Amino acid sequence: MRILSALILTCVAFAGSALGADARPNIVWLSCEDISPHIGCFGDKHAITPSIDQLAAEGVRYTNTFTTAGVCAPCRSGIITGLYQTSLGSQHMRCTATLPDEIKPFPIYLREAGYYCTNNSKQDYQFKTPKGTWDESSSKAHWRSRPDKSQPFFSVFNFTGCHESGIASKGKYESVTKVLTPEQRQDPEKLELPPYYPDTPVVREDWKRNYELITAMDHWAGNLIQQLKEDGLYEDTIIMFWSDHGVGLPRAKRWLYDSGTHIPLVVRIPEKFRVDGQGVPGEVNDQLVSSIDFGPTVLALAGAQVPGTMQGQAFLGKDITPRDYVYGARDRMDERYDIIRMVRDKQFKYIRNYEPLKAFYQYINTAEKGATMRELRRLHESGQLSAEAELFFSDTKPVEELYDCDADPHEVNNLAADPKYADVLKRLRTAHRQWVLDTRDTGLIPEPILVHRSKEVGSEYAVLRQAGGDEYNKRLAMVATLASEGESALPQLIQSMKDEDDAIRYWAATGIGNIGKPAKEDAAGIVKGALDDESSAVRTAAARAMCRMGLPEDALPVLVKEMTTGEQWERLQAAIVLDEIDEQARPVLEEMKQGLKYQKGFNSDGKYRVRVTNRALNELNGTDNSVP
């Protein structure tokens, strides 16, 4: 009898485990590029998106979903790992980070749990994709390719048609939108423009293209949803629709404003997979969701364990904990550095500009090719922009920005100096500073120094996780903050110039340069000495400081040397300073032409230095030469 009972229990247990495996959901991601929530179900009256609207009617629409960056590759590195790009060291656009052994793309864990995982087809993770991440990653990857049709699957499909290039290129726009019917075309005169754009036919054409590309995306999404239905898998599959960041236009893509980081997210969960009242059809959910939460959520829905190394958190499944904040970062965008951080709750957004002396609209080659950006520059030069649009041509930025996103959804009214919001400012500033420490923000280490240190310890992720890392991180965060605190910070910055750490010295020199001529009497001597520093990044920061103190003579030869020797990011930093100092660079104009040479072995043959140098020479010579 005991043997029979044991046998029965064993059979029941086996049946239960088999049932559990069979009952696991399939999961499909419908991801797209460069769109904000210009979707009908998100309340946009101009959007024509019947497929996504229907998905939302059968699922849940999330209204507070934000990406960790306003640009694709850094954000996608975070999505696939569940970690902030600033922790991974993948924050700079078009860098190549190294993943440590303990960090894995989350599909690896899904595959270990028995899922068939496909990606069609964009990766763009800014690190080498580890072997075993996908069963298949190609333009043909599909759940239909799995050998065992009973195996649960996770399939990612990426729509690239609404990328900013679809707006900028007439040919791509026409090709992508050829599926639209005449009724699905937009009348540009009826569309509503943000207040920071000029109301001209050129801008309205770009805005129209954005909407029509989104409608083309909706066709694509509807086709994939129909394939699930045809395969009899619709009620066995959780569908997540999302974008990798906001609309591909100026002051949106690449930026940390909602226009660049607020994205649509819709999740449809078949009834049999719903837990804790989640997934009710037609529900609108306002919980804060970060793009680094997508991976942990998939793991939770699949019944797989979420690794403790992940910084994202599941927003669906059992025992979820709602977020208080979402965070974002901007670092190098192609050829231009601008270290900016963001923290947001449901109502307020705080932005910290670590390089406030850099203009909002730095000249970025790719962005400048867009019609709206060209129109903005044209009207700026003729003095015809509105105050909201002209603001972003300021030569400098405020150190801190604070916005009430409910009352001011376009984020044009900075409340940081308003005493009524002092408590909010303090709370969000504190949250930002704690995030820098908790996540070990590698973006505060200059890129050339970060690359060097990563080679010593194996990865960028490991740089701030060495012995004594917590204390060092506090010192780094402090001096990076002091660099934009003004003259009151000068004594501490001078003292930090003597630090044994080159990243600390870099920020000290940067801060002295930010103060400029008022720092000359006390700091010129120690800064001049730093022109011979062992670190290229420090030498370049010191040269910049000398120029800003009105002492360019000794600095210019250093900048030319740094621009023409050393590693690629060292050269880029020096070229940027030569561009920023304008007329002070004229004595070395001929030497600067060396920066127009491409360099084999560098990322994209060193095209970023070429772009910056070309811009600097155009401004000095009054020319309009172009480079790729």
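The values are calculated or read from the model by the stated rules, or taken from the named source; none is laboratory data. In this text the structure is predicted, and so the values were computed from the model without any measurement. Don't worry about glycine lacking a Cβ; one is built from the backbone with ideal geometry, like all the others, and counts go over all protein chains shown. Accessible surface is based on the protein model in full, side chains and every heavy atom, while ligands, DNA and RNA are left aside. Shrake-Rupley method; radii C 1.70, N 1.55, O 1.52, S 1.80 Å.
Towards the positive end of the charge dipole of the chain, with charges on Cβ (+1 Lys, Arg; -1 Asp, Glu), say which of 428, 109, 627 has the farthest Cα.
109
First check a/c for segment 319-468, with a ≥ b ≥ c the square roots of the eigenvalues of its C-alpha gyration tensor; if it is under 1.5, answer rounded, and if not, answer prolate when a/b is larger than b/c or oblate otherwise. Kindly include the intermediate steps, with their values, before the conclusion.
Details: a/c = 2.31, a/b = 1.24, b/c = 1.86.
In terms of gyration-tensor shape, oblate.
Given contacts defined as C-alpha pairs under 8 Å and at least six residues apart, what's the relative contact order of segment 183-276, whole-number percent? Each step should come with its number before you reach the end.
On the way: 80 pairs, mean separation 18.9, N = 94.
About 20 percent, as a whole number.
For segment 102-162, which trypsin sites (Lys or Arg not before Pro) pass both filters: DSSP loop (anything but H, G, I, E, B) and at most 12 other C-beta atoms within 10 Å?
Taking segment 102-162 and a limit of 12 other Cβ atoms within 10 Å, the loop trypsin sites (Lys or Arg not before Pro) found are 128, 131, 140, 149.
I'd like the orientation of helix 555-564 relative to the chain: the angle between its Cα long axis and the longest Cα principal axis, in ° from 0 to 90, rounded to 10.
Approximately 40 degrees, to the nearest ten.
Just the number please: accessible area per residue for the chain, 1.4 Å probe, all protein chains included, in Å². Mind dumping the intermediate values first?
Numbers: 25020 Å² over 628 residues.
Result: 40 Å² of accessible area for each residue.
Pulled fully out, how much extra length does the chain show between residue 394 and residue 377, if you take 0.36 nm times their separation in residues and subtract their Cα-Cα distance?
On the way: separation 17, 0.36 × 17 = 6.12 nm, distance 1.23 nm.
Here the segment from residue 394 to residue 377 would lengthen by 4.9 nm.
Please say if segment 245-400 is rounded, prolate or oblate, where rounded means a/c under 1.5 for a ≥ b ≥ c the square roots of the C-alpha gyration tensor eigenvalues, and otherwise the choice is prolate for a/b larger than b/c and oblate otherwise? Don't jump to the answer; show the numbers that get you there.
Numbers: a/c = 2.71, a/b = 2.24, b/c = 1.21.
Since a/c reaches 1.5 and a/b is larger than b/c, the shape of segment 245-400 is classed as prolate.
What are the ³J(HN,Hα) values, in whole Hz, obtained from phi via the Karplus relation 6.51 cos²θ - 1.76 cosθ + 1.60 with θ = phi - 60°, for each residue of segment 378-392 in sequence order, with x given for Gly and Pro?
Residue by residue, segment 378-392 yields 4, 6, 5, 5, 9, x, 10, 7, 5, 4, 5, 6, 5, 3, 7 Hz.
To the nearest 20 debye, what is the magnitude of the charge dipole of segment 423-469 about its Cα centre, counting +1 on the Cβ of each Lys and Arg and -1 on the Cβ of each Asp and Glu?
Working: 8 positive and 6 negative charges, 37 e Å.
That gives a dipole near 180 debye.
How many nm is it between the label spots at residue 627 and residue 58, if each spot is 7 Å from the Cα in line with the beta carbon?
With each label placed 7 Å out from Cα toward Cβ, I get 5.2 nm.
Among the listed pairs 561/593; 190/253; 122/600; 104/600; 397/593; 104/253, which are separated by more than 19 Å between their Cα atoms? Intermediate values should be presented prior to the final figure.
Details: 561/593 12 Å; 190/253 23 Å; 122/600 26 Å; 104/600 31 Å; 397/593 30 Å; 104/253 27 Å.
Distance filter (> 19 Å) returns 190/253; 122/600; 104/600; 397/593; 104/253.
Could you point to the residue in 96, 356, 71 farthest towards the positive end of the chain's charge dipole, with +1 and -1 charges on the Cβ of Lys/Arg and Asp/Glu respectively?
96
Per DSSP H run of at least 4 residues, take -39500 (n - 2.57); add these up for the chain, divide by its residues and hand me the 222 nm value, nearest 500 deg cm²/dmol. If you can, show how the numbers build up before the last one.
On the way: 25 runs with 257 residues, N = 628.
The per-residue figure over the chain is -12000 deg cm²/dmol.
Percent of accessible area on segment 298-358 owned by carbon and sulfur, 1.4 Å probe? Display every interim value, and only then the final one.
Numbers: 870 of 1910 Å².
Exposed carbon and sulfur together represent 45 percent of the surface.
Which value, in debye to the nearest 20, gives the size of the charge dipole of the chain about its Cα centre, when Lys and Arg are +1 and Asp and Glu are -1 at the Cβ? Spell out each step's value before the answer.
Values: 75 positive and 89 negative charges, 250 e Å.
Here the chain has a charge dipole of around 1200 debye.
Taking the Cβ-Cβ separation of residue 226 and residue 275 as r and a Förster radius of 25 Å, what is the calculated FRET efficiency to the nearest 0.05? Working shown, then result.
Numbers: r = 27 Å, r/R0 = 1.10.
In this case the efficiency is close to 0.35.
Report the FRET efficiency, 1/(1 + (r/R0)^6), for residue 426 and residue 150, where r is their Cβ-Cβ distance and R0 is 56 Å, rounded to 0.05.
Numbers: r = 56 Å, r/R0 = 1.00.
In this case the efficiency is close to 0.50.
Taking the simple approach of a point 7 Å from Cα along Cα-to-Cβ for both residue 534 and residue 136, what is their distance in nm?
In this crude spin-label approximation the distance works out to 5.4 nm.
Please label the shape of segment 391-497 as rounded, prolate or oblate, based on the square roots a ≥ b ≥ c of the eigenvalues of the alpha-carbon gyration tensor (a/c under 1.5 means rounded; beyond that, a/b larger than b/c means prolate, else oblate).
prolate
Between helix 447-457 and the chain, what is the angle of the helix's C-alpha long axis to the longest principal axis, kept within 0 to 90° and rounded to the nearest 10?
It works out to around 60 degrees.
Could you tell me which of 305, 410, 514 has its Cα farthest along the dipole of the chain towards the positive end, charges placed at Cβ (Lys, Arg +1; Asp, Glu -1), taken about the Cα centre?
Projecting each Cα onto the dipole axis, the largest value belongs to 305.
With +1 on the Cβ of every Lys and Arg and -1 on the Cβ of every Asp and Glu, and nothing else charged, how large is the dipole of segment 474-628 about its Cα centre, in debye rounded to the nearest 20? Don't skip to the end; give the middle numbers.
Details: 20 positive and 25 negative charges, 75 e Å.
About 360 debye.
How far is helix 469-482 tilted off the main Cα axis of the chain, in degrees rounded to 10, range 0 to 90?
In the chain, helix 469-482 runs at an angle near 50 degrees to the longest axis.
Just in segment 36-126: which GluC sites (Glu not before Pro) are loop by DSSP and have at most 15 other Cβ atoms within 10 Å?
On the way: sites: 58, 102, 112; in loops: 102.
Those satisfying the criteria are 102.
Straight-line reach from residue 272: which lysines have a Cα under 29 Å away, not including same-chain ones fewer than 8 places off?
Correct list for residue 272: 149, 229, 318.
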